[in-house]
Amino acid sequence: MLNNCLFDENNPAGAVCLEGAVIPADHTGPLNDRCRPDRCRNSMIGVEHVPLHDSHRRTQLKLLEIRGLPAPRKALIQREIDRVDAVLAQVRTTEEKET
């Protein structure tokens, strides 16, 4: 898992993972496969997650270097980089507040 979910079953409002989702009748809690740590206030990124997100960002940057990549694919990769940057910005903001 690339984050810690602080989902509160008593107050699920704002859980991005549940937005527009078809939730099985017997399911409770978050839908981890739909987690969006860049958008969901229930998602907490810890220092243990930073290397994983950083590695993913570097992989996406390498993909952008592929010659002949179609424009829609480049746009998709750039959106993914933007998402990862938003996640990493959460960590930087938290670190700045602590110092």
TODO: Return yes when Leu52 is aliphatic (A, V, I, L, M) and in contact with a Leu (Cβ under 9 Å, 6 or more places away or on another chain) and no when it is not.
DONE: yes
- [ ] Go through the range 29-41 residue by residue and tally those that are closer than 16 Å to Ala86 by Cβ and surrounded by 13 or more Cβ atoms within 10 Å (Cβ to Cβ).
- [x] 6
TODO: Kindly indicate whether any position in the range 36-49 is free of Cβ contacts under 8 Å to residues at least 40 places away in the same chain and part of a helix (DSSP H, G or I).
DONE: no
Open item on the list: When the residues of the range 3-28 are narrowed to those that are surrounded by 10 or more Cβ atoms within 10 Å (Cβ to Cβ) and of a type in the set (A, V, I, L, M), which ends up farthest from Ala86 (Cα to Cα)?
Closed with: Ile23
Task: Residue selected from the range 67-99 under the condition of a type in the set (Val, Ile, Thr) and surrounded by fewer than 11 Cβ atoms within 10 Å (Cβ to Cβ), by the criterion modelled with the lowest pLDDT - done: Thr99
TODO: Using the structure shown, decide if Asp85 is touching a helix residue (DSSP H, G or I) at 6+ places or on another chain (Cβ under 8 Å) and either among the polar types (S, T, N, Q) or in the same structural domain as Val16 (by TED's automatic domain parsing) (or both).
DONE: no
Task: In the range 10-27, residue modelled with the highest pLDDT [restricted to those that are part of a loop (DSSP other than H, G, I, E, B) and in contact with a Pro (Cβ under 9 Å, 6 or more places away or on another chain)] - done: Ala15
TODO: Go through the range 46-83 and give me each residue that's among the polar types (S, T, N, Q) and more than 27 Å from Glu98 (Cα to Cα).
DONE: Thr59, Gln60, Gln78
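The values are calculated or read from the model by the stated rules, or taken from the named source; none is laboratory data. Everything quoted here is computed from the prediction, not taken from an experiment. Counting neighbours? That spans all protein chains shown, and the Cβs are built from the backbone with ideal geometry, glycine included.
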